[in-house]
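Visitor: Following this message is one structure expressed as structure tokens.
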Amino acid sequence: MRIAMLGTRGVPASYGGFETAAEEVGARLVERGHDVTVYGDDTQPEITSYRGMHVVHVPALRLKQAETLTRTGIATLRAMAGRRPDAAFVFNAANAPYVPLLRARGIPVAVHMDGLEWRRSKWGGAGRAYYRWAESFAVQTADALIADAPGIADYYREEFDVPTELIRYGAPILSGTDASLLEPLDLVDGGYHVAVARFEPENHILEIVQGYRESSATRPLVVVGAAPYSAAYTQAIHEAAAGDPRIRLIGTVYDSDLLDALYAHARTYVHGHSVGGTNPSLLRAMGAGAATIAFDVGFNREVLADDGWFFGDPRQLARVFDAVEADDATVLARGLRSRERAARVFRWDDVADDYEQLAMRLREGSSVHQLARHARRAVPAQASAGLVLS
């Protein structure tokens, strides 16, 4: 089959879950004999082929509100102009306006819906309204909808009464990571806690810092991340950490080997994400064998199979930090069980199987479009959010 992937920053993956999925799935589809084209940004124009995939670079407006839409719009035109793909995977419901164009060219389309993007604080009122509209438009126009977690699948069934394809992310299983990479940071194996996230309120980095500060933990808290659009929130995090030498805000880490080492050798990984489905950061920590403290939402409990510590506010988190510093056996056992679950449940080969089978069905004419094209929301926004976040 000829398969197109649109809506990501492209490959090699260096940004987030969508890019990682495109790379890991696309490379495996190539190994199975399929012709895969990934459309992405123009930051590495010298790369035209990667792991057997064709890489097509397109420009975009470097604006928060327009970058994804302009990049995917141009990619859509490129995909329509060339040899017609047998199936297209469009990542991010925000790109829904281009689905009818692809279908008009005779290209069946599956949209990876991601999480509830309209709940993210970085979007103002207009941005949230757009994402709500795009979510509905994707439901009404796509041939298939991909949900990456059971809670997301439940949301679309209850909100729109439409079926989805439940396709998870895979987890990288890490072994033999180099602990010496931590030496410049003055960190040792098992001697610190780590949180990795963009600085956005729904990722609860501020609460993580506040909770740690309230604790009597002696192992430092290492916070990896930043935020290009959240200056006020970033300032609040820095103010909360100020004066506590145990808290280390080290910014974004672009060295993947160092990031792997930070996950693999941490006492615990602290996961504050509350919006979205199966989170790649959580899977990476599990695959590294990190015992996990997670914000208490259904998504995180489902991924961890409840085999972690959970918190809902700084005070609860402070108690968790005190507990994990005093219980070596439980920390070790939960880390080992997390890695085993990641290797058993979140396999990229299985994910590629699901994408391949979906592409085959799309090529053969399978589509939910007739069922979903008149779908309307069943419940108000606040009520629907509670379906998957509580």
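The values are calculated or read from the model by the stated rules, or taken from the named source; none is laboratory data. Note that the coordinates shown come from a computational prediction; the quantities given were computed from them, not determined experimentally. Heads up, the Cβs are rebuilt from the backbone with ideal geometry, glycines too, and the neighbour counts pull from every protein chain shown.
Visitor: When residues of segment 52-107 are filtered for being among the β-branched types (Val, Ile, Thr), in contact (Cβ under 8 Å) with a residue 60 or more places away in the chain and within 18 Å of Ala22 (Cα to Cα), how many remain?
Guide: Counting residues in segment 52-107 that are among the β-branched types (Val, Ile, Thr), in contact (Cβ under 8 Å) with a residue 60 or more places away in the chain and within 18 Å of Ala22 (Cα to Cα) gives 4.
Visitor: Looking at (1) touching a Pro at 6+ places or on another chain (Cβ under 8 Å); (2) without any contact (Cβ under 8 Å) to a residue 60 or more places away in the chain, find the lone condition where Arg198 falls short.
Guide: (1)
Quick grid of which residues meet (1) within 25 Å of the chain's Cα centre (by Cα); (2) closer than 30 Å to Asp350 by Cβ; (3) crowded, with 21+ Cβ neighbours inside 10 Å:
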| position | (1), (2), (3) |
| --- | --- |
| Thr177 | yes, yes, no |
| Ser180 | no, no, no |
| Glu183 | no, no, no |
| Phe199 | yes, no, yes |
| Ile205 | yes, no, yes |
| Ser216 | no, no, no |
| Leu221 | yes, no, yes |
| Ala227 | yes, no, no |
| Ala236 | yes, no, no |
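Visitor: State whether one or more residues within segment 302-309 are at pLDDT below 95 and out of contact with any helix residue (DSSP H, G or I) (no Cβ under 7 Å at 6 or more places or on another chain).
Guide: yes
Visitor: State which residue is farthest from His34 (Cα to Cα) when the search covers only segment 353-390 and only residues that are of a type in the set (S, T, N, Q), touching a helix residue (DSSP H, G or I) at 6+ places or on another chain (Cβ under 9 Å) and at pLDDT below 95.
Guide: For segment 353-390, the residue satisfying everything is Ser390.
Visitor: Starting from segment 207-218, take each residue that is under 12 Å from Gly312 (Cα atoms) and list its partners that are acidic (Asp, Glu), counting only C-beta distances under 7 angstrom and pairs at least six apart or across chains.
Guide: Glu207/Asp313
Visitor: Any idea how many residues of segment 239-252 are free of Cβ contacts under 8 Å to residues at least 40 places away in the same chain and under 30 Å from Thr177 (Cα atoms)?
Guide: 8
Visitor: List the number of the failed condition for Arg62; all other conditions in (1) over 15 Å from Leu6 (Cβ atoms); (2) surrounded by 13 or more Cβ atoms within 10 Å (Cβ to Cβ) hold.
Guide: The single condition Arg62 does not satisfy is (2).
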